[in-house]
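Just below is one structure, and these are the notes that go with it.
Derivation of every value follows stated rules applied to the coordinates shown; laboratory data play no part. Predicted model only: the values in this text are computed from it and were never measured. Cβ placement follows ideal geometry from the backbone for every residue including glycine, while neighbour counts extend to all protein chains displayed.
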Amino acid sequence: MTSSPRKLDTADASAPVTPMMAQYLEIKAGHPGALLFYRMGDFYELFFEDAEIASKTLGIVLTKRGKHQGEDIAMCGVPVVRADEYLQRLIAHGHRVAVCEQMEDPAEAKKRGSKSVVKRGVVRLVTPGTITEETLLEPTRTNLLLALARLRISDDEARFGLAFADISTGEFGLSECDEAGLPAEIARLDPSEIVMAEAVHEDAELASLWRESRAAVTPVGRDVFDGSQAERRLAAFYDVGTIDGFGSFSRAELVAASGLVTYILRTQVGQKPALDPPRRDGASAHMAIDAATRANLELTRTLGGERAGSLFDAVDRSVTAAGGRLLAQWLASPLLAPEAIALRQDAVAFFAEQALLRGQVRARLKSAPDIARSMARLALDRAGPRDLAALREGLTGIAAIEALLRQRESELPPVLAGILSALARPDQGQAARLAAALQDDLPLLKRDGGFVRAGYDAGLDETRALRDESRRVIAGLQARYAEESQVRQLKIKHNNMIGYFVEVPQQAGEAFLQPGLRETYVHRQTMAGAMRFSTAELSTLESRIASAAERSLASELQIFSDLAAALIADGAAIRAATEALALLDVIVALAVLAEEENYVRPVVDTSLAFAIEGGRHPVVERALKREGKPFVANDCELSGEGEGQKAAGKIWLLTGPNMAGKSTFLRQNALIAVLAQIGSFVPAKSAHIGAVDALFSRVGAADDLARGRSTFMVEMVETAAILNQAGPRALVILDEIGRGTATFDGLSIAWAAIENLSAVNRCRALFATHYHELTQLTKKLPRLANATMRVTEWHGDVVFLHEVVPGAADRSYGIQVAKLAGMPAAVVERARAVLAQLEATDRQAPAARLVDDLPLFAAAPRAPAQPAIKARDEVAEALDALDPNDMTPRQALDALFSLKAKRDSAKKG
Ligand SMILES: Nc1ncnc2c1ncn2[C@@H]1O[C@H](COP(=O)(O)OP(=O)(O)OP(=O)(O)O)[C@@H](O)[C@H]1O
């Protein structure tokens, strides 16, 4: 007997693959880097490694299905109805998913032969930056996709074009920067996904940027960023002859923009999202804040990554998700131009005074749904009936708010006048049409039907009546059959396999097989305990019902697409109105904040002022308030002096014990600058700020084990960045720089850093330190002032007054703080003894004398870096040739001697 070839199939490595597997492998190969959701009936199945990844990430069961090349095929599946939830988790873990659908009915495939495979195709690539589903998006976070294009200007100089879009709202911006500015620009945008050419991704100098970013990083082929195609692709995307009408953009911006739309079209497989025309959103218009400063100041997230506890959380009074997103964007990108800041302040001030109108607008805003995202789903044909309802509510809300503002039209400051005219743009007939068309209770998916209100469309009402009528006929038929056959339990049921059928208990069923009933009832199935039959009448009814249901669904879908088309046609106006609502929400929210928290309008101008009277920390103040404790307000005066080249800000050197409130004071001033420059009022009695162009904030020796650097190294790298970058308009906050190393090293570094800030950076700065020796520096540096946190002693314990006063701290109170913290009494006593000894030694050689002994730091104004002298360097060459991993200890020692000899002879020569 010969063995069957089929059996061999599954065991033989060279066996032919099944047609379905062949189709799977082909589709999979077309989407490298993505998990493939392969549609099979009611499930998306994943195979091979994809299945292993998904089962681990999602915690779902891994099974097997057949073999491929002699190996079991790993498989797992997710039900289509719950796919969104699983997608969300995969995306959150940084995966990309290609969604592959069945493109025809399985019955169609069967017609081609019993072995033929249903046609399938990828309809969409789901990536972190291209999602639009409500369930996948965070309501209060802008979901930006960033495309990065690099244009080389010379061998060692490049410009970066940044194109960023939120396809869930249509927002699309462009900016440009050089390599040094790239980290701050990426930190400002905080994208979910960054797309770039492979060459940029592989550039070793940029690698740390990708590693440290929260974004998913997607390298793509060079063709996506093909500069020669840029204008053409953009024009094709917007369906315009030329893109000149959008404004003028740099080459790098254009290439990035075209890369962005090309990538979006690829992920959406041809579906075109409705993106606004690109807007220039240059870094030069914003306060530069690098990633470390953002993290350190906890602008939109705490160091632990949470919203709660951040500045955003403390000041956010917005009532809509879009408003929350916009406020977070504002906090991430404070403005520079005093005029633009004043325009926002005027609008906030208007609402600060108009309590009644403010309340009315807010109540309306509160009930307005997030229609920007609904509009985006409509454009991508991914919307459902609830999106239409959201638009109905949204458009009604827009009209109501427009009416409220209209009453005060003549008094509105320019920003609010702009909002009013944007709110008037959408066609208000749409809301009425949607209200007439939509049911009150709506299904999630349009394919479920039943969302169009009775009376809206005569044709639909008719088919529905027919469908409902047939249902009544069936009920009548059931009664008649039961009567005729004398079987009371007879039921007419329906399933997808055999359609409508008559079901009777098994004992009763026997009679239906006998002459008399047999002529009417055709036996279909015998189940455990029941028998099923069909009848000619049922079959006729079946097709009537099916066609009526089909026809009513078809007309509902038609109505849906008509409504959608009308909304899309009015899309630009609706989006403009939506943006205006978000803006209005933020402005009203800032007015509410100013009122609730007693903030004042700061003066922001082009001076070098930094004069804060009675400043408070917005987050700490709130936390203390919850505990019923007062916050002690403090002044800060760093205003610059001099003109042009000589202009320079003041530096405050702040000393004081631990826990006295130094960090709070430092950060509160940085946060006040940020709030002032987004156009908000600030937590102070008064504030005058010359616009800050760059903000830097560092804390000594923050742990950064994740990045694999020693804490001290991180501190030094970050301090170096400030000393290299900060210019005279910057505001610098340094908190205990130098504490991460031995005392004298730390002191010397802090010392030199202050001198550099004063002589070279000439910026406004706050410097907190425990090195009291540094206070002596005020004798030499005219713009340096000492300030200290007031404390007092009470029965041997230290009491913090949280008050910043001129002068230097006389002592550290470190031991008192240790005592407060519950250190064992014996340890505290011993520490006191050691301290006394140390202080006695110090008196013999006071460090304070240092300032007299050391000549003042004589840094020249920053000169451009000298080009390295390219003389042949034998020592360097020899070093380059070494591979320590490959050497024995003996070889290493020999190499060291030889290097030393080379160096010695080089010095002589
Ligand atoms: N101005 C203030 N008014 C009231 N309480 C304050 C004020 N500033 C700080 N505090 C309280 O003191 C606590 C310690 O403040 P902070 O962390 O700023 O001190 P620090 O001097 O920087 O301490 P360390 O040197 O240990 O970092 C804060 O958590 C807060 O509760």
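What lysines sit close enough to LYS67 to cross-link, taking a C-alpha to C-alpha distance under 28 Å and skipping anything fewer than 8 places away on the same chain?
LYS7, LYS28, LYS56, LYS110, LYS111, LYS115, LYS119
Mind checking the full-extension length gain between PHE744 and GLN837? Use 0.36 nm per residue of separation minus the Cα-Cα distance, one decimal, nm. Spell out each step's value before the answer.
Details: separation 93, 0.36 × 93 = 33.48 nm, distance 1.80 nm.
Using 0.36 nm per residue and subtracting the Cα-Cα distance, I get 31.7 nm.
What FRET efficiency, computed as 1/(1 + (r/R0)^6) with R0 = 56 Å and r the Cβ-Cβ distance, is obtained for ALA901 and ALA29, rounded to the nearest 0.05? Please list the in-between numbers first.
Numbers: r = 58 Å, r/R0 = 1.03.
Once rounded, the FRET efficiency stands at 0.45.
Using only the Cα atoms of segment 154-213, what do you get for the radius of gyration and for Dmax, in Å?
Cα radius of gyration and Dmax of segment 154-213 are 12.1, 39 Å respectively.
Would you mind getting me the FRET efficiency between ALA892 and ALA825? Use the beta-carbon distance for r and R0 = 60 Å, nearest 0.05.
On the way: r = 52 Å, r/R0 = 0.86.
Result of the calculation: an efficiency of 0.70.
Around GLN268, what is the net charge, scoring Lys/Arg as +1 and Asp/Glu as -1 over all other residues with Cβ under 15 Å from its Cβ? Before the final figure, lay out each step's value.
Working: positive: ARG96, ARG124, ARG233, ARG266, LYS272, ARG377, ARG382; negative: GLU101, GLU133, ASP166, GLU193, ASP381.
Within the 15 Å Cβ shell, the charges total +2.
Rounded to the nearest 500, what is the chain's calculated 222 nm mean residue ellipticity when only DSSP H runs of at least 4 contribute -39500 (n - 2.57) each, over all residues?
Taking each H run of at least 4 residues, the total per residue is -14000 deg cm²/dmol.
Report the calculated FRET efficiency for VAL799 and ASP635 (r = Cβ-Cβ distance, R0 = 22 Å), to the nearest 0.05.
Details: r = 21 Å, r/R0 = 0.97.
Efficiency for this residue pair is about 0.55.
Once you put a point 7 Å from the Cα of GLU179 and another 7 Å from the Cα of GLU49, both along the Cβ direction, what distance in nm separates them?
The answer from the label model is 3.2 nm.
Give, as a single signed number, the net charge of other residues whose beta carbon lies under 10 Å from the beta carbon of PHE631, with Lys and Arg counted +1 and Asp and Glu -1. Walk me through the intermediate numbers first.
On the way: positive: ARG616, ARG622, LYS625, LYS629; negative: GLU621.
So the surrounding residues net to +3.
Would you mind getting the Kirkwood hydrodynamic radius of segment 145-285 from its Cα pairs, rounded to one decimal in Å? Display every interim value, and only then the final one.
Details: mean 1/r = 0.0669 Å⁻¹.
Computed over segment 145-285, the radius equals 15.0 Å.
Determine how many Å³ per residue the convex hull of the Cα atoms of segment 539-618 encloses.
Values: hull volume 15.0 nm³, N = 80.
Hull volume normalised by residue count: 187 Å³.
Sorted from largest to smallest, which semi-axis lengths in Å does the alpha carbon gyration tensor of segment 364-444 give for its equivalent ellipsoid, taking the root of 5 times each eigenvalue? Let's see the in-between values first.
Working: eigenvalues 144, 35, 21 Å².
Over the Cα atoms of segment 364-444, the semi-axes work out to 27, 13, 10 Å.
Can you tell me the length gained on complete extension of the stretch LEU557 to ARG472, counting 0.36 nm per residue apart and subtracting the Cα distance?
Working: separation 85, 0.36 × 85 = 30.60 nm, distance 2.53 nm.
Taking 0.36 nm per residue and subtracting the Cα distance, the gain is 28.1 nm.
Report the extension gain between GLU537 and THR778 in nm, rounded to one decimal, defined as 0.36 nm multiplied by the number of residues separating them, less their alpha carbon distance.
Details: separation 241, 0.36 × 241 = 86.76 nm, distance 10.33 nm.
Length gained, GLU537 through THR778: 76.4 nm.
Would you tally the net charge around ALA572, using a Cβ to Cβ cut-off of less than 14 Å, leaving ALA572 out, and scoring K and R as +1, D and E as -1? It would help to have the intermediate numbers written out before the result.
On the way: positive: ARG279, ARG425, ARG575; negative: GLU171, ASP239, ASP276, ASP427, ASP570, GLU579.
Computed value for this residue: -3.
Which three numbers, in whole Å and largest first, are the semi-axes of the equivalent ellipsoid of the chain derived from its Cα gyration tensor as √(5λ)?
Values: eigenvalues 834, 282, 161 Å².
Equivalent ellipsoid semi-axes, largest first: 65, 38, 28 Å.
So for the pair MET713, SER686, with labels modelled 7 Å out along Cα→Cβ, what separation do we get in nm?
With each label point 7 Å from Cα toward Cβ, the separation is 5.0 nm.
Using Cα positions and a limit of under 13 Å, work out the aspartates and glutamates in reach of LYS780, with same-chain residues fewer than 8 apart set aside.
Straight-distance partners of LYS780: GLU755, ASP852, ASP853.
Roughly speaking, what is the centre-to-centre gap between segment 100-117 and segment 244-273 when only Cα atoms are used, to the nearest Å?
Answer, in whole Å: 37.
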